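Notes follow the structure.
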Amino acid sequence: MKILFTCKEFPHSKIIGGPIIIYNRIKYLSKKHLVSLAAFIREDEKKFISSLEPFCYDLRTVPFPSQRSPLKALKDFFTSPIPHYFLKWHSSQRMADTIADMVKKDRYDIVIAEYSTMGQFLHNNPKLPPIRRVISVHECYYLARRKAYRLNRLGISKLKESINLKGLKKYEFEMYRKADKVLTLTPQGKEELLEVCPELDISVVPHGVDVEYFSFSESEKPEKSIVFVGNYLHYPNADAVIYFHKEIWPRIKEQVPDIKFYVVGQGPPPEIQNFSRDQAIIITGRVDDVRDYLKKGRVFICPVRLGGGFRGKILEAMAIGRPVVSTSLGAEGIPASDRENIMIADNSDEFAQAIFDLMRDDSLFDRIRNNARKLMEEKYAWEKGVDVMEEVLERIIEKKPST
């Protein structure tokens with residue numbers, strides 16, 4: 001097969017967060033297929049291009065669009081057929097033209113929009129030749145923004161979410177209906193989309209983890225600390241840290257005075273950076289190797305309240321042998337059992353208690369970390385997920401390309 005991936009962030013080997021799945025899909029599919037990529041890129045990410053070049057027949061990058069002026073954003077809000085939430089970050093004629101040019105040049109069998117926002121460059125793109133179009137839905141933006149709208153109280157945040165929701169459901173689901181195939185990362189994600197639009201053609205292609213890279217060792221002695229990893233440019237990750245710091249961290253500090261909290265990953269907003277005034281909180285920013293921090297911590301947390309999709313960060317922590325305390329939403333899609341291979345906590349009291357238990361109970365700590373590692377080896381090695389994706393794509397190319 002000849003496969004063209006498109007991505008909203010450059011999916012290099014060192015990236016933290018969702019794009020790591022695209023890196024691995026490209027890496028493993030390139031062993032048997034011709035694979036190319038068109039992706040947005042930031043200036044400081046260009047040094048990572050070489051990590052992906054060996055797997056790509058053609059690799060093209062496009063700068064992120066410049067921020068629109070307030071007047072242009074206001075005009076687009078009322079006149080553009082593309083909703084504000086899509087235009088806000090990724091409206092780019094250059095990306096639409098790049099994808100169309102690549103398809104014309106090399107006649108790919110399939111083009112895959114990784115993340116729904118990239119679907120706009122396949123949807124109603126007059127320059128795009130007939131091709132089988134796939135949208136990989138890491139998160140349904142309409143459902144995520146609706147969830148955030150309902151969570152927020154009256155005020156600026158609720159107003160912002162109401163602006164984000166304008167036209168979003170209609171456009172996003174029309175885009176899904178016109179695609180040749182929709183992919184989700186979890187069965188729950190599939191069911192949520194079908195509840196809104198039952199006629200969608202959806203397949204589940206799971207996330208994965210490199211169980212060799214995230215190696216497990218019985219002999220490691222982690223320090224008394226908590227770790228969270230995320231890309232904080234994705235708001236649900238920032239919200240998770242802010243919520244944890246406000247609602248849970250004070251009682252953890254009170255019970256375990258010498259504990260540390262590592263907040264790892266790119267783009268922490270000023271509110272999170274200010275948490276480092278507490279000397280027990282370390283804000284790292286982007287790191288070269290997330291494993292160093294996963295191994296430091298005794299407990300990995302995922303206090304996510306917003307968004308959807310799948311948290312690959314949990315798989316990495318489990319693979320490396322760190323017990324995870326997560327909300328049910330954070331652990332969505334993982335067939336994990338509370339107090340067997342994960343700790344599930346959906347309110348601040350439960351979350352704090354789960355952390356205390358793992359800090360103090362070595363037998364619980366060992367049981368969860370060993371069972372979690374076994375789950376990763378049996379179900380989430382990257383090759384397993386890529387094999388599923390390969391089967392789905394092979395069925396798609398039996399259909400004629402759509403216009």
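The values are calculated or read from the model by the stated rules, or taken from the named source; none is laboratory data. Note that the structure is a prediction, hence the values are computed from the model and not measured. Cβ sites come from the backbone with ideal geometry, for glycine too, and all protein chains shown count toward neighbours.
Here are some notes:
- Residue in the stretch 198-207 that is at pLDDT below 85, surrounded by fewer than 18 Cβ atoms within 10 Å (Cβ to Cβ), over 20 Å from the mean Cα position of the chain (by Cα) and not in a helix (DSSP H, G or I) present: no
- Summed over the stretch 257-288, the residues that are at pLDDT below 90 and more than 18 Å from the chain's Cα centre (by Cα) give a count of 1.
- For the stretch 34-66, residues that are aliphatic (A, V, I, L, M) and part of a loop (DSSP other than H, G, I, E, B) total 1.
- Residue that is more than 21 Å from residue 175 (Cβ to Cβ) and over 21 Å from the mean Cα position of the chain (by Cα), where the choices are 27, 72: 72
- Wholly enclosed helices (runs of 4 or more DSSP H) of the stretch 218-325 bearing at least 1 residues of a type in the set (Phe, Trp, Tyr), more than 30 Å from residue 142 (Cβ to Cβ) and assigned by TED's automatic domain parsing to the domain that holds residue 351: 249-255, 291-296
- Test: residue 58 is under 20 Å from residue 234 (Cβ atoms) and not small (Gly, Ala, Ser): no
- Scanning the stretch 6-23 for residues that are modelled with pLDDT of 90 or more and either outside the structural domain of residue 94 (by TED's automatic domain parsing) or farther than 18 Å from residue 98 by Cβ (or both) yields one hit, 23.
- Residue in the stretch 228-235 that is within 22 Å of residue 23 (Cβ to Cβ), of a type in the set (Phe, Trp, Tyr), at pLDDT below 85 and out of contact with any Phe, Trp or Tyr (no Cβ under 7 Å at 6 or more places or on another chain) present: no
- Options 72, 14; residue that is surrounded by fewer than 16 Cβ atoms within 10 Å (Cβ to Cβ), among the basic types (Lys, Arg) and within 30 Å of residue 285 (Cα to Cα): 14
- Residues that are part of a strand (DSSP E or B) and closer than 26 Å to residue 187 by Cβ, drawn from the stretch 95-136: 110, 111, 112, 113, 114, 132, 133, 134, 135, 136
- Among the candidates 34, 59, the residue that is farther than 24 Å from residue 164 by Cα, more than 23 Å from the chain's Cα centre (by Cα) and buried (at least 16 other Cβ atoms within 10 Å of the Cβ) is uniquely 34.
- Residue 345 falls short on exactly one of the conditions (1) touching a His at 6+ places or on another chain (Cβ under 8 Å); (2) under 30 Å from residue 246 (Cβ atoms), and that condition is (1).
- Pairs where the first residue, in the stretch 98-123, is assigned by TED's automatic domain parsing to the domain that holds residue 34 and without any contact (Cβ under 8 Å) to a residue 40 or more places away in the chain and the second is surrounded by 20 or more Cβ atoms within 10 Å (Cβ to Cβ) and part of a loop (DSSP other than H, G, I, E, B), C-beta under 6 Å, 6+ apart: 100/128
- In the stretch 51-78, the residues that are farther than 27 Å from residue 20 by Cβ form Cβ pairs under 9 Å with partners that are exposed (fewer than 12 other Cβ atoms within 10 Å of the Cβ) and of a type in the set (S, T, N, Q), at six or more places apart or across chains, as follows: 73/67.
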